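To start, the structure under review is shown below, and the notes come after it.
The values are calculated or read from the model by the stated rules, or taken from the named source; none is laboratory data. Only a predicted model underlies this, so the values are computations on that prediction, with no experimental measurement involved. We place every Cβ from the backbone using ideal geometry, glycine too, and count neighbours over all the protein chains shown.
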Amino acid sequence: MRWLGDHAIRWMPGESNCPNTLCLIVTSDRLVAVDSSGLPLKILPNDPRIRDRRKNVVGTINDILYKFVCLETPSSDFEYELLRPVLIRLNSEEFIPLNAAMQVMDFMQEHRYCGSCGDKTHPSKSDRGLICQGCGHASYPRISPCVIILITREREILLGRSPRFIEGMYSTLAGFIEAGESAEHACHREIFEEVGVEINAPIYQGSQNWPFKHSLMLGYRAEWKKGDISVDGIEIVDAQWFSIDALPKLPPKASISRGMIDQFLSEQNRLN
């Protein structure tokens with residue numbers, strides 16, 4: 001099973017003892033500086049355009065240390081694109097550091113003040129944390145676990161459509177894990193809430209980090225148990241059973257959703 005985020009590349013978040021360094025450029029409103037090919041721009045830390053800007057450590061991948069510079073407002077020195085369309089065209093080596101950089105940037109923007117006493121926070125000297133100088137409270141980048149489920153019924157899969165999707169696209173169903181729930185409890189609850197059907201025991205498939213926002217997607221596959229599709233028309237505007245021989249427009253290759261769908265299709269094709 002392979003999708004972006006599930007890979008054999010050596011990725012070390014936060015590592016900073018590497019001689020080769022490249023910097024990504026992002027903005028506080030989640031724009032990404034891109035090159036002429038639409039890929040994330042990667043420049044040397046001594047580039048005159050960012051020489052005096054603060055560089056934040058992201059991590060190392062394939063012996064390259066990545067840092068990022070966050071601009072409060074877009075600079076005319078760079079060309080920019082929105083984060084989502086940039087991410088979905090990337091391979092693993094490009095996806096991972098940008099994904100991590102955006103999550104660290106969001107954390108730094110959202111925790112400039114202490115949630116306990118309201119004083120300003122400052123970067124820790126030993127890890128990714130932000131430390132309150134007033135009360136000593138430490139904050140760290142938040143990870144929000146959510147489940148994403150591929151529901152199967154023989155050679156059919158159940159896919160839903162959110163109102164924010166591009167025209168014609170359907171995807172697997174997902175939702176955040178609530179306080180007190182296991183991931184498996186969340187699978188059963190989310191599926192029943194979103195499409196009104198019940199599933200058999202979900203089977204874990206893999207995970208993927210995703211920066212909308214700070215999500216850790218836990219992928220499951222589950223067989224349909226009973227029930228007819230019923231959607232609320234708000235969170236999910238349509239859901240249908242699709243034969244694997246007549247699928248709609250699917251999520252991009254960058255997503256765990258597409259990875260699970262492609263894996264199921266591969267298994268079914270081997271059986272026939």
* To do: Please enumerate the residues belonging to segment 71-123 that are among the aromatic types (Phe, Trp, Tyr) and part of a strand (DSSP E or B).
  => TYR80, TYR113
* Structure fact -> Of the listed residues (TYR66, TYR80, TYR113), the one being in contact with an Asp or Glu (Cβ under 8 Å, 6 or more places away or on another chain) and among the aromatic types (Phe, Trp, Tyr) is TYR113
* Which residues, counting only those in segment 164-197, are surrounded by fewer than 13 Cβ atoms within 10 Å (Cβ to Cβ) and touching a Lys or Arg at 6+ places or on another chain (Cβ under 9 Å)? -> ILE166, GLU167, GLY168, GLU178
* All positions within segment 119-144 that are touching a residue at least 12 places away in the same chain (Cβ under 8 Å) and among the small types (Gly, Ala, Ser) -> SER124, GLY134, ALA138, SER139, SER144
* Go through segment 253-271 and give me each residue that's closer than 18 Å to PHE242 by Cα and at pLDDT below 90. => ASN269
* To do: Examine segment 63-83 for a residue that is touching a residue at least 60 places away in the same chain (Cβ under 8 Å), of a type in the set (A, V, I, L, M), assigned by TED's automatic domain parsing to the domain that holds GLY38 and surrounded by 14 or more Cβ atoms within 10 Å (Cβ to Cβ), and state whether such a residue exists.
  => yes
* **Set VAL104, VAL86: member being within 30 Å of GLY136 (Cβ to Cβ) and in contact with a Pro (Cβ under 7 Å, 6 or more places away or on another chain)** => VAL104
